[in-house]
Amino acid sequence: MEDKTMLAKINRTYPRIFDEFFGKEFYPAHYHRNGFKSLPAVNIAEGDNEYTIEVAAPGLEKKDFKIDLDNDCLTISSVVEDQNEETREHYTRREFSYSNFSRSFTLPELVDADNIIASHKNGVLSVSIPKKEEAKAKPTRHISIK
């Protein structure tokens with residue numbers, strides 16, 4: 001029991017030590033409100049005619065994303081490189097960073113993979129995955145009794 005308590009204490013203490021030593025100005029591109037950024041939030045919705053995947057990635061542009069389809073696996077990824085250089089009288093400071101993520105989704109068999117489309121607006125990447133005709137909801141039909 002003592003080991004678990006110590007581990008929890010270290011996990012709570014480490015981010016504060018890092019922040020106090022380096023400060024958020026040391027690596028600002030990778031900070032979020034509560035420490036390092038994690039994977040972007042993803043919403044998945046199913047409609048009558050399509051599935052929609054929305055990836056919330058503020059600060060990323062359309063050119064920063066890559067979307068691949070390999071059989072029934074849709075992968076959304078991004079790699080962004082940031083380089084800064086500051087030159088003053090007695091020194092030059094160069095910083096570079098990379099941020100990346102990759103999310104993969106297994107698509108159902110009844111999607112029309114040839115007609116997947118994507119758009120980007122206001123920091124949200126939207127991927128529309130249409131269903132095949134046989135997978136779409138059919139309207140209610142009355143069957144007469146003979």
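With labels modelled as points extended 7 Å from the Cα through the Cβ direction, what inter-label distance (nm, one decimal) is found for GLU61 paired with ILE145?
6.7 nm
How far apart, in nm, are two points set 7 Å out from the Cα along the Cα-to-Cβ line at THR87 and at SER102?
About 3.7 nm separates the two model spin labels.
Can you work out the Karplus-derived ³J(HN,Hα) for every residue in region 80-90? Use 6.51 cos²θ - 1.76 cosθ + 1.60 with θ = phi - 60°, whole Hz, and x for glycine or proline.
Listing the rounded values in order: 10, 10, 10, 10, 10, 9, 10, 10, 10, 4, 10 Hz.
The numbers here are math on the coordinates, done by the rules we state, and not lab data. All values derive from a computational prediction rather than experimental measurement. Please note: Cβ atoms are built from the backbone with ideal geometry, for glycine as well, and neighbour counts cover all protein chains shown.
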